[in-house]
Amino acid sequence: MTLLKSITETQIWKSLFRHKYPDNPRDQALAVLSNVFLHLHPIKVKKSGVRMSFTWCMGGITFFLFLVETITGVLLMFYYRPTVEFAFNDIKALREHVPLGIMRELHRWGAHAMVISVWLHMLRVFLTGSYKPPREFNWNVGVILLVLTLLLSFTGYLLPWDQLAIWAVTVGSNMARAHPIIGHEGPGASFLQLGDVPLVTAASDVRFALISGRVVGAATLLRFYVLHCVAIPLGAGVLMAVHFWRVRKDGGISGPM
Amino acid sequence: MADATTKNPTSAPQDTRRSFLEGVAVGWTIFSAASAAGLLATARFLFPNDLFEPPTKFKIGPPSRFPGSKDGTVNEDFKSINGIWIVSTADEIYVLSTVCTHLGCTPNWLSAERKFKCPCHGSGFYSSGINFEGPAPRPLEKYKVSLAPDGQIEVDKSTKYQFELGQWEDPNSRLKLA
Amino acid sequence: MPEQIKDLVDWLLGPKIYFLLSVVGFWAMIQFRAFWTQAWVAGGIFVFGVVFFALSMGDRDFTLIVAKPDNVPISIMFVSIGFLLWLSFRKMVINDRLIAKGLPTFEARESRRRVFCWPDLVYSEFLCLIILSVLLLVWALYLKAPLEEPASSARTPNPSKAPWYFLGLQEMLVYYDPWLAGVVFPLQIITGLMAIPFIDINPKGNGYYTFKERPFAIVTYLFGFIVLWATLIVLGTFLRGPNWNFFGPYEFWDPHKVEALNNVNLSEYVYNVLLERALPSNILLRELPGFLAVALYFGALPPVLANFGFRKIYSQLGFIRFNVLANLLLFMAALPIKMLLRWAFNLKYIVAIPEYFFNI
């Protein structure tokens, strides 16, 4: 006990924690308030809001899985080179040449779990009517986050550069080819012509911009890698900040008025 | 008219206000136009000028390499590298694209059933390229084929012929054998 | 497991009966919610499911498809959706009874009390984090992430599937062209989801589980999520094999299975069968019946619905909201309608202009 006290009495400890052990209302409030991560929470919440059978904790699980994906993803980047020459072998080596080779497994299964938890979070929010005023805007932010989650998973699907990856992305990105007007096999595209020269072709349509080529190839791999590791996580991170902030501003976890 | 405006005491501030509003309008228009141009230029950045893909024009050997038959013989030698099938019938040779017209998978030639079957969504094509089952909306595409001076067949993938546009009538879409 | 039962299940899970069964099951889930949410019924369904699954694992073809590493998440999704539907429907039933008696709902009673986030919320979050980490670790240790042969643009694997969460869309591609199933429908799903808070102006049911106070909203959303999204993913994953042919769960994936897929366009029905003449050469004239059908569907149905059947909803929502709602509902119904037309009449396209990639 004296040992514990001698630690919590030091200047270092006190510089970190500005409150005593949170077993009384004042320190319970301070514990949340004086911590930059915990102050995402309010000091008090509705009793129904902490009940697991009400919230299913799905929003929290989704955020936790995003953190898992970020950490395992950064670690995987140390061993992965996004080129046609190396990508497949690097992924294979991850399994065989790295101790505790389950980092990719954690990343992949975590991604699948995140897609599911986002859907279930949305289901819970719908069934409790939590998109109703004043939370309309936050529901919309949530829908965009759902789309970004799917895009994150989809861009990551290509990176192992195996048969599964290339064909899933070929099938997926070929849908962009059929986009009306701006896809070269979409309705209306053939009307966009300068004299005899068609403007929307396999080398100028929206799919070309997406995969950077006529077919899924080396340029696509690099492009999806950058989208997967940098662009989409940044966008999702910003929107998540907005999402959490709005939860607080719109009155916390929903409950009867 | 000029006299009237100078005599009107309220006209001077109105003119100032108008010119101010005009200035604001011009300013915002220029700003929006510049932003739009910048955005377009950024979007253009996504479209590369150079591609590192196989050549679109290549030779595949003399016609004798592709013995024909009445129903049409499908040659798969160039499928993996160039993405084409060479089909030879009794009197002509034509080149089919290996890209399914539904979602761009590569169909497989099932010689026993004499059809191209796409594994993605089950589209089926005859050896003539005509679609007959599954979701594919139109026949496979044909590429330009010609006889080079050295006696080899030359395929040009940059020119394609689509059946539904009546382009299969084009003499360049097939190689007539004498 | 006896072969007869396997054959029966294979037959029941054919795409047509599978879809009809999922619709009927959905209706029963809504209708008999007070019955099946009782602990012993739900428990019985669960035990039956587990026993059936365990017996099925003895079948080679079944195990092959279910134990595929990338298919495991779908089983997890299937179970967790089932459990959470049970949980929420149970809460709905209880709350609806309380409301009928004029009593405050479960959540209303609880939300009067406020508790400190530390420790109540922070600790349950921490617990969640630990349990999830353990589950994820076990999952990762037990199942290897799939890695197939190196990528080759020449050999398409048979079958070729999109990532599992897009298999609902891939299943749509059987019935609609890519520009609809791959572009317009997904965009409509996103817009529709974003429009929900602005269409559903019913102030009740905000922050608590209830069915009776908002039946239309719940039925519509669940139909979209359960029947048109989740079950189609299950269908696309487990029941679609080589050449995108249908295979029962106990059926061998034979790449040479032949299925006649000779489909006919609406224009061919009208001109060749009904009018007994050749198709007109003018494209617009040829596709006139299809254009009329589509125009009537999207143009004439909303005002008809507003006057019959949806009259009350129309008066509540007003002109703009109602038309947005009607448009979204019609897009949502477009998929099952085309499915039925395909199965009943082998209808391929309602409007077929392959020359300009414009097929509906």
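The values are calculated or read from the model by the stated rules, or taken from the named source; none is laboratory data. Note that the structure is predicted; figures quoted are calculated from it, not measured. Cβ coordinates were reconstructed from backbone atoms using ideal geometry, including for glycine residues, and neighbour counts include every protein chain displayed. Each accessible area value is taken on the protein alone, full model and side chains, heavy atoms only, with ligands, DNA and RNA left out. Shrake-Rupley method; radii C 1.70, N 1.55, O 1.52, S 1.80 Å.
Kindly indicate the residue of segment C:148-163 that is within 7 Å of chain B (Cβ to nearest Cβ) and in contact (Cβ under 8 Å) with a residue 60 or more places away in the chain and also farthest from C:LEU235 (Cα to Cα) among those meeting that condition. My answer is C:ASN158.
Every residue, every condition in (1) among the aliphatic types (A, V, I, L, M); (2) more than 23 Å from the chain's Cα centre (by Cα); (3) modelled with pLDDT of 85 or more, yes or no:
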{"residue": "A:LEU159", "(1), (2), (3)": "yes, no, yes"}
{"residue": "A:LEU164", "(1), (2), (3)": "yes, no, yes"}
{"residue": "A:ALA168", "(1), (2), (3)": "yes, no, yes"}
{"residue": "A:GLY186", "(1), (2), (3)": "no, yes, no"}
{"residue": "A:SER190", "(1), (2), (3)": "no, yes, no"}
{"residue": "A:LEU194", "(1), (2), (3)": "yes, yes, no"}
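Being more than 10 Å from every other protein chain (Cβ to nearest Cβ) and either more than 30 Å from A:ALA111 (Cβ to Cβ) or in a loop (DSSP other than H, G, I, E, B) (or both) is a property that A:VAL215 lacks.
Among residues of segment B:80-93 that are within 11 Å of chain C (Cβ to nearest Cβ) and farther than 14 Å from B:GLY129 by Cβ, those with a beta-carbon under 8 Å from a residue that is β-branched (Val, Ile, Thr) and assigned to a strand (DSSP E or B) at least six positions away or on a different chain give the pairs B:ASN82/B:VAL155. Every test in (1) of a type in the set (Gly, Ala, Ser); (2) within 30 Å of C:GLY205 (Cβ to Cβ); (3) at the interface with another protein chain (Cβ under 7 Å from one of its Cβ atoms); (4) open to solvent by 30 Å² or more (accessible area, probe 1.4 Å) is passed by A:SER254 save one, and that test is (4).
Can you pull out every residue in segment A:31-65 that is among the aliphatic types (A, V, I, L, M) and more than 9 Å from chain C (Cβ to nearest Cβ)? The answer is A:LEU33, A:VAL36, A:LEU40. Taken over segment C:322-346, the criterion of being open to solvent by less than 30 Å² (accessible area, probe 1.4 Å) and closer than 24 Å to A:GLY188 by Cβ is satisfied by C:LEU330, C:ALA334, C:LEU335, C:LYS338. For segment B:123-178, filtering for residues that are closer than 11 Å to B:VAL95 by Cα, open to solvent by 40 Å² or more (accessible area, probe 1.4 Å) and not polar (S, T, N, Q) leaves 5. In the set C:ILE81, C:ILE131, only one residue is more than 8 Å from every other protein chain (Cβ to nearest Cβ) and either assigned to a helix (DSSP H, G or I) or among the aliphatic types (A, V, I, L, M) (or both); that residue is C:ILE131. The number of residues in segment A:237-251 being surrounded by 14 or more Cβ atoms within 10 Å (Cβ to Cβ), not in a loop (DSSP other than H, G, I, E, B) and not hydrophobic (A, V, I, L, M, F, W, C) comes to 2. C:GLN188 satisfies every condition listed in (1) open to solvent by less than 20 Å² (accessible area, probe 1.4 Å); (2) in contact (Cβ under 8 Å) with a residue 24 or more places away in the chain except (1). Of all residues in segment A:116-129, those satisfying the criterion of being buried (at least 23 other Cβ atoms within 10 Å of the Cβ) and either touching a residue at least 12 places away in the same chain (Cβ under 8 Å) or more than 8 Å from every other protein chain (Cβ to nearest Cβ) (or both) are A:SER117, A:VAL118, A:THR128, A:GLY129. Scanning segment A:146-205 for residues that are free of Cβ contacts under 8 Å to residues at least 24 places away in the same chain, among the β-branched types (Val, Ile, Thr) and under 28 Å from A:ILE116 (Cα atoms) gives A:VAL147, A:VAL171.
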